[in-house]
1. Let me spell it out: the conditions are (1) on the phi > 0 side of the Ramachandran plot; (2) over 23 Å from the mean Cα position of the chain (by Cα), and Trp166 meets all of them except one. Which number is the exception?
2. Mind telling me which of the residues Tyr224, Tyr217, Tyr203 ends up being modelled with pLDDT of 95 or more and closer than 26 Å to Pro456 by Cα?
3. Let me confirm something: among Glu81, Glu99, Glu108, Glu89, which residue is modelled with pLDDT under 60, in a helix (DSSP H, G or I) and surrounded by fewer than 10 Cβ atoms within 10 Å (Cβ to Cβ)?
4. Looking at this structure, is Arg152 outside the structural domain of Ser366 (by TED's automatic domain parsing) and in contact (Cβ under 8 Å) with a residue 60 or more places away in the chain?
5. If you take the residues in the range 273-299 that are touching an Asp or Glu at 6+ places or on another chain (Cβ under 8 Å) and surrounded by 17 or more Cβ atoms within 10 Å (Cβ to Cβ), which one is nearest to Leu197 (Cα to Cα)?
6. Give the residues of the range 416-445 that are modelled with pLDDT of 90 or more and either under 23 Å from Asn212 (Cβ atoms) or acidic (Asp, Glu) (or both), sorted by residue number.
7. Of all residues in the range 155-169, which are β-branched (Val, Ile, Thr) and surrounded by 18 or more Cβ atoms within 10 Å (Cβ to Cβ)?
Amino acid sequence: MDDIFSHLLALTSYMTQQFTQFLEDLLFGNVNYCSRYVAVSSSGQHEHPVTSGYSPGTSFCDNCSSSSLLYVASGSPWVQEIGILNLVEPVCTICKFVESSRPYWIVEFFVKGLNLPLSGLRLSWRLALASLRSMLIYVKCAVGRIQGTISRVQKTLHGSSSDIGWLQQAPGMAPVKDGSARFMELLDCIRHGQHKLPDSFVYLLIPGLFSNHGPLYFVSAKRYFSKMGLACHIAKIHSEASVEHNAGELRQYIEELYWGSGKRVMLLGHSKGGVDAAAALSIYWTDLKEKVGGLVLVQSPYGGTPLASDVLREGQIADKETRRIMELVICKLIKGDIRALDDLTYERRKEFLMKYELPPSIPLISFHSEASTALSVIATMTQIAHAELPWLRLPGFSYDDSRDVIQSGRKVPIVVPVSAVMALCALHLQLRYGEKSDGLVTCRDAEVPGSIVVRPRRKLDHAWMVYSSWNRNLNEPDACEMCEALLTQLVELGSQIKGEEME
């Protein structure tokens with residue numbers, strides 16, 4: 001049994017050695033060297049050449065035969081039984097095939113050897129092209145970002161330079177007429193006690209943006225008109241809503257006043273209130289034609305305002321972040337609608353006015369002013385509200401109870417530097433755009449095409465028409481007298497237009 005395993009081991013070792021040698025000859029040299037010697041080693045025997053009569057010009061397979069292929073020492077009957085010759089015959093077949101196709105194999109091997117460096121060059125070229133393509137894409141992205149940043153910076157610096165006063169440059173817009181002289185005459189008459197405002201109309205005051213948070217907005221004006229026996233109302237609308245939404249509410253408000261009193265309604269809107277009122281007349285003029293006598297726009301951004309556009313303009317630096325902040329302030333804190341501010345931008349105003357136009361037959365007066373930028377104005381405090389204190393008992397400094405003072409309902413004014421803020425905003429608009437403004441609205445954007453324009457000589461900021469100054473000058477007319485003069489002039493304008501239509 002041990003003899004059999006030793007012979008199997010010897011045979012396996014031999015076949016492995018010869019096959020390895022065959023592969024080396026096949027790869028590196030002449031195929032004829034494959035037929036060197038084949039011998040099987042057994043215990044105690046010497047090697048014997050496998051081939052006899054081999055000569056260098058002949059192949060290995062030509063010298064192989066079935067009778068003289070292998071010699072194995074006698075005494076090993078197991079070798080004869082396994083038929084070792086049957087193992088050598090496939091090797092001879094392989095050798096014959098290789099030798100018969102030797103020229104073609106050498107050429108193919110040579111071509112493949114040349115293709116190896118060419119494949120390396122092709123791979124290197126592809127890698128270089130891929131690297132170049134990636135670099136070009138990166139450069140293109142970098143150039144795009146740089147150009148986008150430059151565009152944002154230019155758009156931010158340019159601001160609203162080309163938008164301010166676009167109404168005067170738009171084709172087909174009716175010219176305006178100056179009514180400042182007549183306004184000053186009426187105001188002087190009112191200051192001397194001559195009141196000409198008739199009671200044949202209902203007067204509706206329309207507040208502007210954020211009026212819901214100003215409890216004194218138009219309150220003094222309403223009280224002033226009521227003392228003269230005139231029907232005056234303040235429109236209770238949500239001023240932080242969009243222009244079209246407020247236009248629908250004003251339409252209902254005007255119809256209620258008309259059907260309740262039987263009198264036509266005269267409108268006076270301040271700031272965004274004038275824009276809302278003009279939108280109501282533009283959209284619902286068919287329904288309001290017989291119910292409205294005229295409209296006064298006081299410091300209204302009819303063409304838009306640069307402050308709203310500069311804050312909400314898309315494509316400028318930090319536009320998304322700024323819009324998120326404004327949405328947080330208006331929508332979350334004030335409980336309003338961001339469209340209320342968005343509707344006052346130049347882009348939205350252009351879209352709206354191209355879609356809806358004011359009827360040419362309605363009497364219109366545009367009032368705008370210029371805020372003072374003097375240093376003394378920065379210290380001016382403006383009363384926006386008042387707090388009413390409860391019952392207070394202030395003890396005296398003697399034993400006499402009659403000297404005890406009991407005060408009820410003491411009103412404490414709440415003042416903030418509104419005029420100072422308006423002065424700084426007006427200075428900003430003047431330095432950046434070279435435009436005169438009341439702090440929020442430029443003079444050119446407040447002029448409605450086809451209207452009578454009132455340009456007072458007095459310096460008035462945007463908040464002066466609705467809030468009384470803490471340091472009021474009694475020698476100057478206040479907001480109530482200004483509103484009376486404007487409405488009186490509007491009544492005269494309506495009568496004049498009506499007379500021209502009858503002629």
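The values are calculated or read from the model by the stated rules, or taken from the named source; none is laboratory data. These numbers come from a predicted model, not from an experiment. Backbone-built Cβ (ideal geometry, glycine too); neighbour counts: all protein chains shown.
1. (1)
2. Working: Tyr224 fails: modelled with pLDDT of 95 or more; Tyr217 fails: modelled with pLDDT of 95 or more.
So the residue among Tyr224, Tyr217, Tyr203 that is modelled with pLDDT of 95 or more and closer than 26 Å to Pro456 by Cα is Tyr203.
3. Numbers: Glu99 fails: surrounded by fewer than 10 Cβ atoms within 10 Å (Cβ to Cβ); Glu108 fails: surrounded by fewer than 10 Cβ atoms within 10 Å (Cβ to Cβ); Glu89 fails: surrounded by fewer than 10 Cβ atoms within 10 Å (Cβ to Cβ).
Selected residue: Glu81, the only one of Glu81, Glu99, Glu108, Glu89 that is modelled with pLDDT under 60, in a helix (DSSP H, G or I) and surrounded by fewer than 10 Cβ atoms within 10 Å (Cβ to Cβ).
4. Details: outside the structural domain of Ser366 (by TED's automatic domain parsing): yes; in contact (Cβ under 8 Å) with a residue 60 or more places away in the chain: yes.
The answer is yes for Arg152.
5. Our first condition is that a residue be touching an Asp or Glu at 6+ places or on another chain (Cβ under 8 Å); within the range 273-299, this holds for 275, 279, 282-283, 287-288, 291, 299.
Now drop any that are not surrounded by 17 or more Cβ atoms within 10 Å (Cβ to Cβ), which leaves 275, 279, 282-283, 288, 291, 299.
Values: Val275: 24, Ala279: 26, Ser282: 26, Ile283: 28, Leu288: 22, Lys291: 18, Gln299: 22 Å.
If we take residues in the range 273-299 being touching an Asp or Glu at 6+ places or on another chain (Cβ under 8 Å) and surrounded by 17 or more Cβ atoms within 10 Å (Cβ to Cβ), then Lys291 is nearest to Leu197 (Cα to Cα).
6. Cys425, Glu435, Asp438, Gly439, Leu440, Val441, Asp445, listed by residue number.
7. Answer for the range 155-169, where residues must be β-branched (Val, Ile, Thr) and surrounded by 18 or more Cβ atoms within 10 Å (Cβ to Cβ): just Ile164.
Conditions (1) assigned by TED's automatic domain parsing to the domain that holds Glu357; (2) part of a helix (DSSP H, G or I), marked per residue:
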| residue | (1), (2) |
| --- | --- |
| Ala130 | no, yes |
| Ile137 | no, yes |
| Gly144 | no, yes |
| Thr156 | no, yes |
| Pro171 | yes, no |
| Leu186 | yes, yes |
| Asp199 | yes, no |
